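A.B. asks: This is the structure, below, for whatever I ask next.
The values are calculated or read from the model by the stated rules, or taken from the named source; none is laboratory data. All values derive from a computational prediction rather than experimental measurement. Note that each Cβ is placed from the backbone with ideal geometry, even for glycine, and that neighbours are counted across all protein chains shown. Side chains are part of the model used for accessible areas, which takes the heavy atoms of the whole protein and leaves out ligands, DNA and RNA. Shrake-Rupley method; radii C 1.70, N 1.55, O 1.52, S 1.80 Å.
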Amino acid sequence: MAAKYVFVTGGVASSLGKGIIASSLAKLLQARGYRVTNQKLDPYINIDPGTLNPYEHGECYVTNDGAETDLDLGHYERFTNIPTSQANNITTGRIYQNVIDKERRGDYLGKTVQIIPHITDEIKRSIKLLGADDKYDVVITEIGGTVGDIESLPFIEAVRQLRWEKGERSVLIHLTLVPYLAAAGELKTKPTQHSVKSLLENGVQPDIIVLRTEHNLNNTIRRKVALFCNVDPEAVIQSLDVDTIYKVPMNMRDEKLDEIVLNQLGLPLNHEPDLESWERFLYKLKNYNRKITVALVGKYVELHDAYKSIVESFIHAGAVNDCKVEIKWIHSATLTNDNVVGTLKDVDGILVAPGFGQRGIEGKLLAIEYARMANVPFLGICLGMQMAVIEFARNVLRLEGADSVEMAPRTKYPVIDLMESQKDVVNKGGTMRLGAYKCELKEGSRAYEAYGTKEIEERHRHRYEFNSQYRKQFEDAGMLTTGVNPETGLTEIIEIPSHKWFVGTQFHPEYKSTVTNPHPLFVAFVKACLS
Ligand code: GLN
């Protein structure tokens, strides 16, 4: 059976949760037995978000095949438990790059290369690619940005063409906001009407309108939107604000989003969605018996989206442990010798976050020293692991001035060094050690205990590594390498066995935590915080 396509666009405002609606729909269709995948089209000109500062666009999510992608792909994976890949995230930059490469190769045979048809053809090709090899029944493609933006126009135009070509086999969901005017005590639909008009001006008629709202919408409002926007009244549905994104699939099921979509696509409803395990997860989320506080030490803490996957991993791991994990956000640059104990003394665990560059490094080292000395459970991820190595080198091995060559290229003790494979790299974009690599665990280690298996595969995003020349010195003093890449011998995990729970990973466990498969290291870390 050829794949069917669902498009998700957004209007009125950004950040309405298109990614969550798209993920929720995917979850519901999957729970009815369909094979689904989610795709995100981003209208910015960067080739990928890998070169973007997290303040711009939140976390950069990494897939198994090493693509640096939009954080919505994290939601897709967390909801459906299906790995995504490079093909699931396309930007304007990548589209143009592909078209320009073709032009240079002479593929256009002397034609003038234009937005229509060449750019739109390339967009359509990227969308259809996912539906091509009979892996999926339904491809759900989310168009980033807001309808009416200049940047989104080629994407909307490509959708218009695709819908024309594919006829009844596609559905377009438009997500908008119905603001509540407190002074008037009224919910307003005019912005939705205008945003649908702007879609119509581009030749695209939505089939389903999802209205994000703070208050329940009555039938009068739904009928009004239906009338003004040419959709069936049943196809106007609400997405009420919720306290956790994981409730959205339930709300969408209650609003019958999956049924409407399947009917419009001409696909059988099969059975009711099987959401038993999801319900159990939601139950655990709400009915916890304990609470813990974990300090998240990083330099982008003003923007929680910069650490999206870490936050979600704690939600998954908390539910497994029947506890709620509160995060205490700590900006590493604010930690000093004088306030570090005061700031951290009440927390049950400390996570030092990934990152790049010098800013806030000293604060991270102070937090790690505190965790190590006070026997507080510690998880260091990527840069956080590298900092744990540096802290140990300076304060235990007494290698004064030990550092990463990222921060101090001429350090006397380069305990974190540039990877051999990185030495000739000049370009910044897409050139780190990226994606999934195998790792072998040492039996009896905390990591082995957590995973319960010897061989694992985890995702990476870094240029620097633990310098193996120092490995023996570290091991003799009590910091062990407990995870190694079997091909290269690179240190992927360090631990201090004499400590309550002190683990640093060169990889990013947070990218693989899903509702169905909470990440073993986060689960074990939370358990250690509870004990
Ligand atoms: N900046 C470090 C490196 O490139 C760590 C990267 C990270 O934390 N993702 O090796």
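A.B. asks: Treating only the Cα positions of segment 1-55 as identical point scatterers, give the base-10 log of I(q)/I(0) from the Debye formula at each q in 0.16, 0.23, 0.26, 0.27 Å⁻¹.
C.D. replies: -0.67, -1.04, -1.14, -1.17
A.B. asks: How much length, in nm to one decimal, is gained on full extension between E443 and N263, taken as 0.36 nm per residue of separation minus their Cα-Cα distance? Mind showing how you got there, number by number?
C.D. replies: Details: separation 180, 0.36 × 180 = 64.80 nm, distance 5.23 nm.
Contour length minus the Cα-Cα distance gives 59.6 nm.
A.B. asks: What angle do you read, to the nearest 10 degrees and between 0 and 90, between the alpha-carbon axis of helix 361-374 and the longest principal axis of the chain?
C.D. replies: The angle comes out near 60 degrees.
A.B. asks: Hey, another quick one. Taking just the alpha carbons, could you work out the radius of gyration and Dmax for segment 195-245, both in angstroms?
C.D. replies: 11.9, 36
A.B. asks: Now for a different question. Enumerate the calculated ³J(HN,Hα) couplings along segment 2-14 in order (Karplus 6.51 cos²θ - 1.76 cosθ + 1.60, θ = phi - 60°), each rounded to whole Hz, writing x wherever the residue is Gly or Pro.
C.D. replies: Each residue of segment 2-14 in turn: 6, 5, 9, 10, 10, 10, 10, 10, x, x, 6, 8, 8 Hz.
A.B. asks: With each pseudo-label sitting 7 Å past Cα toward Cβ, what's the E186-E362 distance in nm, one decimal?
C.D. replies: The two pseudo-label positions are separated by 5.8 nm.
A.B. asks: Rounded to a whole number, what is D in µm²/s for segment 184-294 from Stokes-Einstein with the Kirkwood radius over alpha-carbon pairs (37 °C, 0.692 mPa s)? Please list the in-between numbers first.
C.D. replies: On the way: Rh = 16.3 Å.
Answer, rounded: 201 µm²/s.
A.B. asks: Keeping every protein chain present and rolling a 1.4 Å probe, give me the accessible area per residue for the chain in Å².
C.D. replies: On the way: 22120 Å² over 531 residues.
Result: 42 Å² of accessible area for each residue.
A.B. asks: Given N residues in the chain, what is its alpha carbon radius of gyration divided by 2.2 N^0.38 Å?
C.D. replies: On the way: Rg = 24.7 Å, N = 531, 2.2 N^0.38 = 23.9 Å.
With N residues counted in the chain, Rg over 2.2 N^0.38 Å equals 1.03.
A.B. asks: Over all Cα pairs of segment 313-408, how is the pair count split among 5 Å bins, expressed in % and running from 0 up to the last occupied bin?
C.D. replies: Over segment 313-408, the share of Cα pairs per 5 Å bin runs 3, 13, 23, 25, 19, 10, 5, 2, 1 percent.
A.B. asks: Kindly sort D346, D134 by accessible area of their heavy atoms, largest first, with the probe set to 1.4 Å. Can you show the working numbers first?
C.D. replies: Details: D346 110, D134 85 Å².
These residues rank, largest area first, as D346, D134.
A.B. asks: Using C-alpha positions alone, give me the convex hull volume of segment 259-386 per residue in cubic angstrom. Mind showing how you got there, number by number?
C.D. replies: Numbers: hull volume 18.6 nm³, N = 128.
Normalising the Cα hull of segment 259-386 by residue number yields 145 Å³.
A.B. asks: Take M373, M432 and sort them by solvent-accessible surface of the protein heavy atoms, 1.4 Å probe, largest at the top.
C.D. replies: Values: M373 135, M432 30 Å².
If we order M373, M432 from most to least accessible, we get M373, M432.
A.B. asks: Using a 1.4 angstrom probe and counting only protein chains, how large is the accessible area of T112 in Å², to 10?
C.D. replies: T112 exposes around 100 Å² with every protein chain in place.
A.B. asks: Per residue of segment 302-314, in order, report the coupling 6.51 cos²θ - 1.76 cosθ + 1.60 (Karplus, θ = phi - 60°) as ³J(HN,Hα) in whole Hz, putting x for Gly and Pro.
C.D. replies: 5, 10, 4, 4, 5, 10, 3, 5, 5, 4, 5, 4, 5
A.B. asks: Loop-only trypsin sites (Lys or Arg not before Pro) in segment 242-286, please: DSSP not H, G, I, E or B, and at most 11 other Cβ atoms within 10 Å. Display every interim value, and only then the final one.
C.D. replies: Working: sites: K247, R253, K256, R280, K284, K286; in loops: K256.
The qualifying sites: there are none.
A.B. asks: Here is a further query. Tell me the GluC sites (Glu not before Pro) within segment 425-531 that lie in a loop according to DSSP and have at most 10 other beta-carbon atoms within 10 Å.
C.D. replies: Passing both the DSSP loop test and the Cβ count: E443, E487.
A.B. asks: Probe radius 1.4 Å, ligands and nucleic acids left out: which of R169, R160, R32 has the largest accessible area, and how do the rest follow?
C.D. replies: Numbers: R169 55, R160 85, R32 5 Å².
Order by accessible area, largest first: R160, R169, R32.
A.B. asks: Determine the shape class of segment 272-318: with a ≥ b ≥ c the square roots of the Cα gyration tensor eigenvalues, call it rounded for a/c under 1.5, and otherwise prolate if a/b is greater than b/c, oblate otherwise.
C.D. replies: Numbers: a/c = 4.18, a/b = 1.80, b/c = 2.32.
The shape class here is oblate.
A.B. asks: While we're looking at this one, here's another question. Given a 1.4 Å probe and the protein chains all in place, what does the accessible area of R125 round to, in Å² to the nearest 10?
C.D. replies: Around 100 Å² of this residue is reachable by solvent.
A.B. asks: For segment 400-531, what is the per residue volume of the convex hull drawn over the alpha-carbon atoms, in cubic angstrom? It would help to have the intermediate numbers written out before the result.
C.D. replies: On the way: hull volume 17.5 nm³, N = 132.
Per residue, the Cα convex hull of segment 400-531 comes to 133 Å³.
A.B. asks: Across segment 246-286, how large is the tail of the calculated P(r) beyond 11 Å, expressed as a percent of all Cα pairs? Mind showing how you got there, number by number?
C.D. replies: Working: 554 of 820 pairs.
Of all Cα-Cα distances in segment 246-286, 68 percent exceed 11 Å.
A.B. asks: Here's another thing I want to ask about it. Among bridges DSSP assigns within the chain, what percent are antiparallel (round to 5)?
C.D. replies: Bridges in the chain that DSSP calls antiparallel: roughly 30 percent.
A.B. asks: Oh, and also: When only DSSP loop residues count, what GluC sites (Glu not before Pro) in segment 253-325 have their Cβ near at most 13 other Cβ atoms within 10 Å?
C.D. replies: Numbers: sites: E255, E259, E276, E279, E302, E312; in loops: E255, E302.
Qualifying residues, ordered by number: E302.
A.B. asks: Just need the relative contact order of the chain here, percent rounded to a whole number, with Cα pairs under 8 Å and 6+ apart.
C.D. replies: On the way: 1096 pairs, mean separation 79.9, N = 531.
Relative contact order, the chain: 15 percent.
A.B. asks: Taking +1 at the Cβ of each Lys and Arg and -1 at the Cβ of each Asp and Glu, which of A477, N467, M432 sits farthest along the dipole of segment 386-531 towards its positive end, judged by Cα position relative to the Cα centre?
C.D. replies: Highest projection toward the positive end goes to M432.
A.B. asks: Give the distance, in whole Å, between the Cα centre of segment 386-450 and the Cα centre of segment 283-317.
C.D. replies: Measuring centre to centre over Cα atoms gives 25 Å.
A.B. asks: So between A2 and N81, what do we pick up on full extension, going 0.36 nm a residue minus the alpha carbon distance? Don't skip to the end; give the middle numbers.
C.D. replies: Numbers: separation 79, 0.36 × 79 = 28.44 nm, distance 2.27 nm.
Residue separation times 0.36 nm, minus the Cα-Cα distance, leaves 26.2 nm.
A.B. asks: Kindly express, to the nearest 10 degrees and within the range 0 to 90, the angle between helix 219-229's C-alpha long axis and the longest C-alpha principal axis of the chain.
C.D. replies: The helix 219-229 is inclined about 70 degrees to the chain.
A.B. asks: If I take every Cα pair under 8 Å that is 6 or more residues apart in segment 408-531, average their sequence separation and divide by the length, what percent do I get for the relative contact order? All intermediate terms of the calculation are to be shown ahead of the outcome.
C.D. replies: Values: 182 pairs, mean separation 28.3, N = 124.
Taking the mean separation of contacting Cα pairs over the length of segment 408-531, I get 23 percent.
A.B. asks: Need one number: nm distance between label points at E214 and K135, each 7 Å from Cα along Cα→Cβ, rounded to one decimal.
C.D. replies: My value for the distance between the label points is 4.2 nm.
A.B. asks: Now for a different question. Given the C-alpha atoms of segment 82-141, compute the convex hull and give its volume per residue in Å³. Working shown, then result.
C.D. replies: Numbers: hull volume 5.9 nm³, N = 60.
Per-residue hull volume (Cα only) is 99 Å³.
A.B. asks: Hey, another quick one. So if I place +1 on the C-beta of Lys and Arg and -1 on the C-beta of Asp and Glu, and nothing else carries charge, what would the dipole magnitude of the chain be about its Cα centre? I want it in debye, nearest 20.
C.D. replies: Numbers: 62 positive and 69 negative charges, 63 e Å.
I would put it at about 300 debye.
A.B. asks: Give me the distance in nm between label points sitting 7 Å out from Cα along the Cα-to-Cβ direction at Y288 and V242, one decimal.
C.D. replies: So the label points at Y288 and V242 sit 1.8 nm apart.
A.B. asks: On full extension of the chain, what length is gained from E103 through K428, given 0.36 nm per residue of separation minus the C-alpha to C-alpha distance? List each step's numbers first, then the result.
C.D. replies: Values: separation 325, 0.36 × 325 = 117.00 nm, distance 2.46 nm.
Full extension of this stretch gives 114.5 nm more.
A.B. asks: Also, I was wondering about something else. Please list, in order along segment 42-53, the HN-Hα scalar couplings obtained from phi with the Karplus expression 6.51 cos²θ - 1.76 cosθ + 1.60 (θ = phi - 60°), rounded to whole Hz, x for Gly and Pro.
C.D. replies: Calculated HN-Hα couplings, in order: 10, x, 7, 8, 4, 5, 7, x, x, 8, 7, 5 Hz.
A.B. asks: Could you bin all the Cα-Cα distances of segment 1-153 into 5 Å bins starting at 0 and give me the percent of pairs in each, rounded to whole numbers?
C.D. replies: Over segment 1-153, the share of Cα pairs per 5 Å bin runs 2, 9, 18, 22, 20, 15, 9, 4, 1, 0 percent.
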